[in-house]
Amino acid sequence: MKADTHPHYHMIKVVMTDGTEYMTRSTYGKEGDTLNLDIDPNTHPAWTGGSQQLLDRGGRLSKFNSRFGSLGQTKK
């Protein structure tokens, strides 16, 4: 195996959006650096199940629903 092909793996401090901190091993920065997160599992809607609404700007959503709204319905 070639020498010096892998990045340096070391301990860093991660600060989440609510201020909690933890130490982890990473290739980010250098030993002892701090990584401040802008988005984390405590705040991101993908993990929190946020109630995000679709906005109908310019009637595009209603136009799509009128054209393809019945696509998933079964015929009886």
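The values are calculated or read from the model by the stated rules, or taken from the named source; none is laboratory data. These numbers were taken from a predicted model, which means no experiment stands behind them. Counting neighbours? That spans all protein chains shown, and the Cβs are built from the backbone with ideal geometry, glycine included.
Residue by residue through the range 1-32, note down the ones that are of a type in the set (S, T, N, Q) and surrounded by 13 or more Cβ atoms within 10 Å (Cβ to Cβ). Can you show your working first?
We begin by selecting, within the range 1-32, every residue of a type in the set (S, T, N, Q); these are 5, 17, 20, 24, 26-27.
If the condition is that a residue be of a type in the set (S, T, N, Q) and surrounded by 13 or more Cβ atoms within 10 Å (Cβ to Cβ), then Thr17, Ser26 are the ones that fit.
For the range 5-27: of the residues being touching a Ser or Thr at 6+ places or on another chain (Cβ under 7 Å) and closer than 13 Å to Ile39 by Cα, which is modelled with the lowest pLDDT?
Top of the filtered list is Thr17.
Taking the range 34-58 as the search range and keeping residues that are modelled with pLDDT of 80 or more and assigned to a loop (DSSP other than H, G, I, E, B), which one is nearest to Ile12 (Cα to Cα)? Let's see the steps before the verdict.
Applying the first criterion (modelled with pLDDT of 80 or more) to the range 34-58 yields 34-41.
From what is left, the residues that are assigned to a loop (DSSP other than H, G, I, E, B) are 37-41.
On the way: Leu37: 13, Asp38: 17, Ile39: 18, Asp40: 17, Pro41: 19 Å.
Checking each candidate, the answer is Leu37.
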